[in-house]
Amino acid sequence: MPQKILILNGSPKKDGNTAAMVNWFSQGAHSKGADVEIVRTAFLKYKTLGCTSCRKCQTIDKYECCIEDGAKPVLAKMADVDVIVIATPLYFFSASAQLKIIFDRMFSLYKWDNDAGTMQTPLKGKTLVLLASAFENIGLDALEKPFALTAEYTGMKFESILVANAGVSGDISKKCPDVREKIVSLGMKMTQE
């Protein structure tokens, strides 16, 4: 069976640096036969701007968000794939807000028993990949931290490619010509995990 890869593109730009990174990763993964789906989180229809902390997801047997909007099927897909790729530009030392909406609502993919001190999630054993770029060489370490910690807490493998000095939207190919090969190679590697 081919690896199933879900890419969450958190950029509101259709042809910027994040789109280039997503395309390169997809090329590598497709070349090895992976099943790749790309979701542009900036264009989903949301009823709420993030997790509302209703905790209804904790009272049902399924791992799903109880808010009926564009994020719900994306979260369900995250539980069903082998590799989750987060792709985002650096916005004020963090991921884009459009991506953070989905990331916060991942709460629904965990079940905690606080009395027993246990946590269950269908994400355990998957791979989380972060692709991120920044205009200059500052802030990518801060952006990476919550994703690396989430992977560690969840029992996921973690990989990242952080591209500093990528310039303005669309400049990554000119400013960082060696990064394309690295991202294509990572896409290929993720089909062999």
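The values are calculated or read from the model by the stated rules, or taken from the named source; none is laboratory data. The structure displayed is predicted, hence computed values, not measured ones. All Cβ positions, glycine included, derive from the backbone under ideal geometry; neighbour counts span all protein chains shown.
Values for this structure:
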| item | result |
| --- | --- |
| Residue satisfying condition, being in contact (Cβ under 8 Å) with a residue 12 or more places away in the chain and closer than 16 Å to Gly187 by Cβ, within set Leu131, Leu123 | Leu131 |
| Test: residue in region 87-97 that is part of a strand (DSSP E or B), surrounded by fewer than 21 Cβ atoms within 10 Å (Cβ to Cβ) and small (Gly, Ala, Ser) | yes |
| Filtered residues of region 81-124 (kept if basic (Lys, Arg) and closer than 22 Å to Asp35 by Cβ) | Lys124 |
| Those residues of region 170-191 which are under 14 Å from Val83 (Cβ atoms) and either of a type in the set (Lys, Arg) or out of contact with any strand residue (DSSP E or B) (no Cβ under 7 Å at 6 or more places or on another chain) (or both), in sequence order | Gly187, Met188, Lys189, Thr191 |
| Tally of residues being among the small types (Gly, Ala, Ser) and either touching a helix residue (DSSP H, G or I) at 6+ places or on another chain (Cβ under 8 Å) or surrounded by fewer than 12 Cβ atoms within 10 Å (Cβ to Cβ) (or both) across region 106-159 | 7 |
| For Gly33: the one exception among (1) over 17 Å from the mean Cα position of the chain (by Cα); (2) without any contact (Cβ under 8 Å) to a residue 12 or more places away in the chain | (2) |
| Hits in region 54-65 (condition: in contact with a helix residue (DSSP H, G or I) (Cβ under 8 Å, 6 or more places away or on another chain) and assigned to a loop (DSSP other than H, G, I, E, B)) | Tyr63, Glu64, Cys65 |
| Single condition Pro177 does not satisfy, out of (1) touching a Phe, Trp or Tyr at 6+ places or on another chain (Cβ under 6 Å); (2) part of a loop (DSSP other than H, G, I, E, B); (3) more than 26 Å from Gln3 (Cβ to Cβ) | (1) |
| Residue list for region 145-174, filter: assigned to a loop (DSSP other than H, G, I, E, B), closer than 25 Å to Asp35 by Cα and not small (Gly, Ala, Ser) | Met156 |
| Region 24-55, residues that are on the phi < 0 side of the Ramachandran plot, surrounded by 13 or more Cβ atoms within 10 Å (Cβ to Cβ) and among the small types (Gly, Ala, Ser) | Ser26, Gly28, Ala29, Ala34, Ala42 |
| Test: residue in region 66-74 that is in a helix (DSSP H, G or I), over 12 Å from the mean Cα position of the chain (by Cα) and surrounded by fewer than 21 Cβ atoms within 10 Å (Cβ to Cβ) | yes |
| Checklist (1) within 19 Å of the chain's Cα centre (by Cα); (2) in a loop (DSSP other than H, G, I, E, B) applied to Ile101, failing item | (2) |
| Qualifying residue in region 134-142 (condition: modelled with pLDDT of 95 or more and either part of a loop (DSSP other than H, G, I, E, B) or not hydroxyl-bearing (Ser, Thr, Tyr) (or both)) | no |
| Lone qualifier among Asp113, Asp178, Asp171 - being without any contact (Cβ under 8 Å) to a residue 24 or more places away in the chain, more than 25 Å from Ala76 (Cα to Cα) and more than 16 Å from the chain's Cα centre (by Cα) | Asp178 |
